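This report concerns only the one structure given below.
The values are calculated or read from the model by the stated rules, or taken from the named source; none is laboratory data. Remember, predicted model here, so these are calculated numbers, not experimental data. Cβ placement follows ideal geometry from the backbone for every residue including glycine, while neighbour counts extend to all protein chains displayed.
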């Protein structure tokens, strides 16, 4: 079974009667009969989607800070704009001049970017990460990622293409390289196993 789409592990996994099989895995060799024990929202894929949606809905500390600042800053800006309007009227300015000055204060000081850009940036970041196979548990974890200086990985498929390849072939002194490749390629030609496909592709590229 090729489970790399869900686990990221490039090496095929052997399954026997009674073993659990994750959805989205691919049968590489033989015949497989499965019985669905979890459907809909209970599947692992659905839980992963829920994880991404929950991460997008949660607020990071920087977003909560922006909300607190906006809650105070917006009323202050409205008061300043009103004072500007009244001040220009009191100074004898024309209505158009007074209203224009009040609107200018609102436009210049309005913290729209602070309240809108922060949650939008976090939501887009978690969505793009999910498209690349990175699932973020919450926005706090995303915010803390900027301080990471060490990555510890337990799966080769996490940082590789997940496709096995032959690097080199070593033969005995009295055995020809082309002969070994031809026989190995012929033996693995009908195999759907990852290693078998890698041997077949290398043999075809080297021998033809």
Task: Residue ranges of helices (runs of 4 or more DSSP H) in the stretch 111-208 with at least 2 members modelled with pLDDT under 85 and exposed (fewer than 13 other Cβ atoms within 10 Å of the Cβ) - done: 112-131
Open item on the list: Residues to consider are 81, 36, 66; find the one that is over 21 Å from the mean Cα position of the chain (by Cα), at pLDDT 80 or above and surrounded by 14 or more Cβ atoms within 10 Å (Cβ to Cβ).
Closed with: 81
- [ ] Identify all residues within the stretch 84-96 that are modelled with pLDDT of 85 or more and either outside any helix (DSSP H, G or I) or in contact with a strand residue (DSSP E or B) (Cβ under 8 Å, 6 or more places away or on another chain) (or both); write none if there are none.
- [x] 91, 94
